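Asker: Let me give you the structure first, and then I'll get to my questions.
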């Protein structure tokens with residue numbers, strides 16, 4: 001049974017969503033001033049998924065965000081300043097200026113694994129993290145994200161099968177924004193609900209409105225609890241999203257879906 005959130009939990013979710021939006025609005029301004037190194041990948045309209053899912057984790061748990069999951073980094077404790085410095089490739093950024101995107105983590109304190117550009121590769125990586133935690137008796141849960149396009153990669157299926165066979169305490173968030181760059185999901189997958197892909201591996205799945213942060217949090221909390229107690233869990237969210245990327249000084253048009 002899902003419990004009612006406390007007033008403080010409601011305030012926390014609202015705070016992190018507003019912070020997520022404010023950080024990304026600032027990065028858009030920096031991008032237009034040519035201060036961002038490389039591309040800027042926006043999560044405008046998808047804040048509820050990053051915030052709601054990451055908020056369901058405990059401090060000891062591990063996560064590995066994708067490039068649009070800045071909200072998850074903020075919930076985990078990453079400072080907005082570090083996000084700005086990282087995207088501007090400054091020396092005092094988390095990677096000391098060696099990268100200009102969200103490719104950074106914090107293994108020692110915040111339990112964050114850096115994003116991997118090859119879509120889907122974080123699934124077996126985080127399955128390994130979850131298994132290592134179990135081996136060490138740490139009772140942790142590992143979480144990562146994937147998009148609708150990334151769910152068609154081979155490593156997505158290999159990783160999910162590996163996690164299921166190993167009964168790893170692992171939760172996968174599948175963000176379905178209906179487009180993989182210029183390819184609509186209806187031309188990519190012969191399924192109505194991408195969450196149904198979990199059935200092939202005997203994994204529990206949930207479908208939730210990705211714009212409802214409370215629904216995302218309560219569903220993710222249930223998935224995390226089931227994963228922690230040995231039940232295989234996966235989640236799928238459906239959202240409306242902005243264009244995929246801002247690169248080379250030009251912004252892709254907004255899509256109304």
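A short reminder: the numbers here are calculations on the coordinates, not readings from a lab. Bear in mind the structure is a predicted one, so any value in this text is a computation, not a measurement. Heads up, the Cβs are rebuilt from the backbone with ideal geometry, glycines too, and the neighbour counts pull from every protein chain shown.
Asker: Provide the FRET efficiency to the nearest 0.05 for the residue 30-residue 5 pair, computing r from the beta carbons and using R0 = 45 Å.
Answerer: 0.85
Asker: Residue separation times 0.36 nm, minus the C-alpha to C-alpha distance between residue 44 and residue 165: what's the value?
Answerer: 40.0 nm
Asker: Calculated from DSSP H runs of 4 or more alone, at -39500 (n - 2.57) each and per residue, what is the 222 nm mean residue ellipticity of the chain, nearest 500?
Answerer: Helix contribution divided over all residues of the chain: -11500 deg cm²/dmol.
Asker: Okay, moving on. For the range 7-251, take N as its residue count and report Rg(C-alpha) divided by 2.2 N^0.38 Å.
Answerer: Compactness ratio reported: 0.95.
Asker: How far apart, in nm, are the 7 Å Cα→Cβ label points at residue 12 and residue 98?
Answerer: 3.3
Asker: Expressed as a rounded percentage, what relative contact order does the range 7-251 have, with Cα pairs under 8 Å and six or more residues apart?
Answerer: Normalised by residue count, the contact order of the range 7-251 is 23 percent.
Asker: How many nm is it between the label spots at residue 60 and residue 135, if each spot is 7 Å from the Cα in line with the beta carbon?
Answerer: Going by the 7 Å Cα→Cβ label model, 1.9 nm.
Asker: What's log10 of I(q)/I(0) for the range 8-116 at q = 0.12 Å⁻¹, Debye sum over Cα points only, no solvent?
Answerer: Cα-only, vacuum Debye calculation for the range 8-116: -0.37.
Asker: Now for a separate question. Can you give the FRET efficiency to the nearest 0.05 for residue 91 and residue 199, using r as the Cβ-Cβ distance and R₀ = 35 Å?
Answerer: 0.15
Asker: Something else: Please give the FRET efficiency for residue 106 paired with residue 186, using the beta carbon to beta carbon distance and R0 = 30 Å, rounded to the nearest 0.05.
Answerer: 0.20
Asker: On to the next question. Counting DSSP beta bridges in the range 7-251, what percent are antiparallel, to the nearest 5?
Answerer: Of all bridge pairs located within the range 7-251, approximately 20 percent are antiparallel.
Asker: Mind ordering 12-18, 59-65 by average Cβ neighbours within 10 Å, highest first?
Answerer: 59-65, 12-18
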